[in-house]
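The structure appears right after this line, and notes come after that.
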2 protein chains.
Amino acid sequence: MTGKIIPDIVVSRLPVYLQTLQRFAKEGETTTSSKELGERSCITAAQVRKDLSFFGEFGKQGSGYNIVFLSDQIRSILKINRGWDVALVGVGDLGHAIARYPGFAERGFRIVFVFDNDPTKIGTKIGKHTILPTEIMVETIKNAGITVALITVPSRAAQAVADQLVQAGIKAILNYAQASLNVPDHIRVETVSPILQLQHMMYYL
Amino acid sequence: MTGKIIPDIVVSRLPVYLQTLQRFAKEGETTTSSKELGERSCITAAQVRKDLSFFGEFGKQGSGYNIVFLSDQIRSILKINRGWDVALVGVGDLGHAIARYPGFAERGFRIVFVFDNDPTKIGTKIGKHTILPTEIMVETIKNAGITVALITVPSRAAQAVADQLVQAGIKAILNYAQASLNVPDHIRVETVSPILQLQHMMYYL
DNA sequence: TTCTGTGAACCGCTTCACAGCG
DNA sequence: CGCTGTGAAGCGGTTCACAGAA
């Protein structure tokens, strides 16, 4: 089972299942079925079973899946059964909002450094973080061994920041800038694109 | 050509093409090819040609696509060759950041109303908008004939807000809350899910 | 020649359907 | 009987390859 290549689209559904499972857990459920999990995740039951079977046999025939057990398995597969230290680059309005948002830390993504290049911001505090100058970014990230970063700088600066992050040893970038980033093949980038999502929806109006 | 059902995945790539075309335009180009447009959009040339051919014959054999013309065609297909009035619900940190972000207006999505239910916020100004109480939301949106809304309220409140928005005649919702919304079939919802995107990437680290 | 538009081949994800176990 | 796990079938999107226009 391990070593087999899993379709990326399957991996991308695991966080969705996890989210639904957490909702079930909050509702006091202890067990679910592929049918129920699928319905609440907008995915067919067969798809759910096939997806999960890529990674193991997590269910019990006749009774379904144990919610806590399956959640733990998915967290383990996604490597989010541990915490991840994250760097945040760019403290405009959006960076500010993200730095103060507790949702990332609740899922194990701890923002440990916040960088900006604006001299009037450097040294000031945002929550419990002191804003650090980008000059020391590469070295700081390298020394801390951080591999995940969020980019919330203006589009025109995003590529330069990405280049620095790659140099600093970052392996995964969540990009909030309205720009597509050029990075080496072994670096993962996901872009948050609310504008593209809006434009997409307009087609159907 | 019109009336034919276009795969949603094709529609979802149009905004990507448009974004790339705009970059080309800014770089002073006037013409491009499926090869060039594809490379900069991380999509194969054949895919680009096939996608565009769903909607018409926009290129010239031998020379490629006129950038301005193709941009206009895509904007027209997506119905973003006009402006859209948008309502924003929820003025926490994120809503605040979005209300002040000029990127939406630059692409024709004008935020015309901002709602919140916090009495200490209602009546205060954010940019040029006065924050309005949610009590008058349904009526205000209905009267203005607005069909697009952004939800930036806490997860627990998102479904209730969505229900109201549907009642108000909203047809497309961009949901920033960490929650999946239940809405009638004819309403489009897209969710911005940075946390799911991060979790997805962790698999590959 | 260059590059588009497109039928056909291909490939991979989704769905089906059922064996098998509790 | 209920529900999983899974080979096989089905389907839809992607890629190929080439006719044809500039």
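What follows is calculated from the coordinates using simple rules that are stated; it is not laboratory data. Everything quoted here is computed from the prediction, not taken from an experiment. Note: ideal-geometry Cβ built from the backbone for every residue, glycine included; neighbour counts use all protein chains shown.
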- Minimum Cβ-to-axis distance in chain A for the rotation onto chain B, with residue, whole Å: A:A97, 2
- Item | the stretch B:1-86, dipole about Cα centre (Lys/Arg Cβ +1, Asp/Glu Cβ -1), debye to the nearest 20 | 100
- Message: Going 7 Å from Cα along the Cα-Cβ axis for the label, what nanometre distances separate A:D8 from the same residue across the other copies?
- Response: 2.0
- Exposure proxy check: A:V153, B:V16, A:V112 ranked by fewest other beta carbons within 10 Å? A:V112, B:V16, A:V153
- Task: Have a look at B:I77, B:N117, B:V153 and report the one farthest towards the positive end of the charge dipole of the stretch B:68-157, computed about the Cα centre with Cβ charges (Lys/Arg +1, Asp/Glu -1).
- Result: B:I77
- Task: Subtracting the Cα-Cα distance from 0.36 nm times the residue separation, let me have the gained length for B:L205 to B:T120 in nm, one decimal.
- Result: 26.2 nm
- Note on the structure: At R0 = 25 Å the Cβ-Cβ FRET efficiency linking A:K60 and A:Q22, nearest 0.05, sits at 0.75
- Hand me the tally of lysine pairs in the stretch A:1-81: alpha carbons under 18 angstrom apart, and the pair either on different chains or 8 or more positions apart. 5
- Query: Between B:K35 and B:K128, what is the FRET efficiency for a Förster distance of 56 Å, r being their Cβ-Cβ separation, to the nearest 0.05?
  - Reply: 0.80
- Message: Using helices alone, I'd like the mean residue ellipticity at 222 nm for chain B: each DSSP H run of four-plus residues gives -39500 (n - 2.57), total over residue count, nearest 500.
- Response: -12500 deg cm²/dmol
